[in-house]
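A short worksheet on the structure shown next.
The values are calculated or read from the model by the stated rules, or taken from the named source; none is laboratory data. What you see is a predicted model, and the numbers here were worked out from it, not measured in a lab. Glycine also receives a Cβ, built like all others from the backbone with ideal geometry; neighbour counts cover every protein chain displayed. Quick note on the areas: whole protein, heavy atoms, side chains included, nothing else; ligands and nucleic acids left out. Shrake-Rupley method; radii C 1.70, N 1.55, O 1.52, S 1.80 Å.
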Amino acid sequence: MTGRVILVGAGPGDPDLLTLRGARALSEADVVVFDRLAAPALLELAPASAERIYAGKEPGRAPMSQEAISAVLVERALLGRTVVRLKGGDPFVFGRGGEELLACVEAGVPVDVVPGVSSAFAAPAAAGIPVTHRDVARSVAVVTASSAHGDATDLSLVATATDTLVLLMAAGRLEETCATLVAAGRPADTPAAIVQWATTDDQRSVSGTLSSLPAYARGASVGPPATLVVGDVVRVAEAVATAVDPANAPSIPTTTARAAGPGSRGRAASA
Ligand code: SAH
């Protein structure tokens, strides 16, 4: 009998941000195929007997190709297994989940999707930045800063289209990204923040403006995974920080580390 594939969004980092449905899928898994960005603690929710397949990049080893990942999902499911494909954030937000869905459908394998909390919204939220805010921002766009799937032209088209911009895969190209947005008409003094390892114990954020942020981020050694937020909503987080601790009043650059609360478990593996 054919098994099935469940594409599960693992959430942005903190294992607590997995959905209950995702947890149930993991508990029923015979096979778990997981990524670098899925919190390692989530693998413990699968039975000890479940086969665990790492599909991400490992130092010194080539990552599995998308074709190889899809093939493994289909092959295990055709053997009758329940296969959980655990993906960082939401499977369909820059996660190539659509390709895996299509591969399963084309092979006649039953497939379900369990949405996840995407870092596109969780990273700003974890840094205290509401992506919409009354009288400040009524629209938000989520785009990739990477050139792999879109070039600078795409970025120019959205640069001034929405009040808030959220850019994923932002760490490696921060300088070019900010410059492209300014060249496309977004004022250089637009507030901007970058949030690294959001919702984990390693969370850090740096804020400034489109012109000042790249240097601040470089100075703070911000690296992937990181999400860039552009727009006046960034000031809301700065206002909150000031209200909580007036001693922290407008001292741009603002570098904020997440306070590790009792519930915070975060990430066990390194980038
Ligand atoms: N499907 C994922 C996104 C995959 S693309 C989702 O919905 O979240 C990978 C990008 O997501 C990273 O380059 C980074 O921009 C963002 N990202 C993932 N985890 C993050 C985290 N914990 N903190 C900040 N950004 C993160």
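For the stretch 96-124, residues that are free of Cβ contacts under 8 Å to residues at least 40 places away in the same chain and out of contact with any Ser or Thr (no Cβ under 6 Å at 6 or more places or on another chain) total 7. Contact map, the stretch 64-93: first residue at positive phi, second residue assigned to a helix (DSSP H, G or I), Cβ cut-off under 8 Å, separation 6 or more or different chains; pairs are G89/S119; G89/A120; G89/A122. The set of residues in the stretch 89-120 that are within 16 Å of the ligand (Cβ to nearest atom), over 19 Å from R36 (Cβ atoms) and over 18 Å from the mean Cα position of the chain (by Cα) contains only L101. Exactly one residue among V206, V230 is open to solvent by less than 10 Å² (accessible area, probe 1.4 Å), modelled with pLDDT of 95 or more and touching a helix residue (DSSP H, G or I) at 6+ places or on another chain (Cβ under 6 Å), and that residue is V206.
Taking residues in the stretch 153-169 that are free of Cβ contacts under 8 Å to residues at least 40 places away in the same chain, and partners anywhere that are assigned to a helix (DSSP H, G or I), the pairs with Cβ atoms closer than 7 Å and at least 6 places apart or on different chains are L155/T177; L155/T180; L155/L181; S156/T180; A159/L181. T164 - would you say it is open to solvent by 60 Å² or more (accessible area, probe 1.4 Å), among the polar types (S, T, N, Q) and at pLDDT 95 or above? Taking the combined requirement at face value, the residue does not satisfy it.
Pick from A145, A123: which is under 28 Å from E176 (Cβ atoms), within 11 Å of the ligand (Cβ to nearest atom) and either open to solvent by 70 Å² or more (accessible area, probe 1.4 Å) or modelled with pLDDT under 95 (or both)? Result of the check over A145, A123: A145. Elements of the type strands (runs of 3 or more DSSP E) sitting completely within the stretch 1-115 and holding at least 1 residues that are of a type in the set (A, V, I, L, M) and crowded, with 19+ Cβ neighbours inside 10 Å: these cover 4-9, 31-34, 82-87, 111-114.
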